[in-house]
Amino acid sequence: MLVRIDNLLAKGEKFLVVLLFTVLIGLIVFSIFARDVIGMPTYLASETSPALVLWLSLLGATLALKSGRHIRIELLLRFCPPAARHLAGIISALFGLLAMGTLAVAAVAFCTNEMAIFGGKGLLAVVFPIFFSLCAFRFLCAALACLSRLIDQDRGGNPNHKAALR
């Protein structure tokens, strides 16, 4: 069930990335048109573009985490037996879950503070609790997947059941 939720979230994230990227391009084109053709500078693009880039980069990072394309340092793990690799995966995923969960809680407080100070513009900071919550969820899924592979290997089953996790 968690895998289905994760896949559904990934589809929503991909849709949001495409939508935000389209809005960003449209905003920049409109800004150039308004400045060069009409002679009217627009501040909307210069104020909104950095927020859209931030949203795009953080959503891209969560998608990279889902597909396992995030930065990992596992030089020593290549020489370890599979059980040690799975155990290290569980430990690192639980650490990531703890770190991202803590940051998600802090991000909610930050977002509340931003909205109190900046009003509606502070709502753009909602990307941080969303990002950290999605990362925490992805680390939970990774920990459970490593645990499942470790259990399967101990039972003598098929340790390579990535197809079942997709």
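Just so it is clear, none of the values below were taken in a lab; they were calculated from the coordinates. All figures in this text were calculated on a predicted structure; none of them were measured in a lab. Backbone-built Cβ (ideal geometry, glycine too); neighbour counts: all protein chains shown.
See the values below:
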{"quantity": "Kirkwood Rh in Å, taken over the chain so that all alpha-carbon pairs contribute", "calculated": "18.4 Å"}
{"quantity": "Count of Lys pairs (Cα-Cα under 24 Å; at least 8 positions apart or interchain) in the chain", "calculated": "5"}
{"quantity": "Sparse-neighbour loop sites [trypsin sites (Lys or Arg not before Pro); region 23-109; at most 13 other C-beta within 10 Å; DSSP]", "calculated": "69, 72"}
{"quantity": "Mean separation of Cα contacts under 8 Å (6+ apart) over length of the chain, as relative contact order %", "calculated": "24 percent"}
{"quantity": "Potential lengthening between residue 98 and residue 147 on full extension [0.36 nm per residue; Cα-Cα distance subtracted]", "calculated": "16.0 nm"}
{"quantity": "Karplus (6.51, -1.76, 1.60) ³J(HN,Hα), θ = phi - 60°, over region 93-108, in Hz, Gly and Pro reported as x", "calculated": "5, 5, 5, x, 4, 5, 5, 5, x, 5, 5, 5, 5, 5, 5, 5"}
{"quantity": "Normalised contact order of region 1-71, rounded percent, pairs of Cα under 8 Å and 6 or more residues apart", "calculated": "37 percent"}
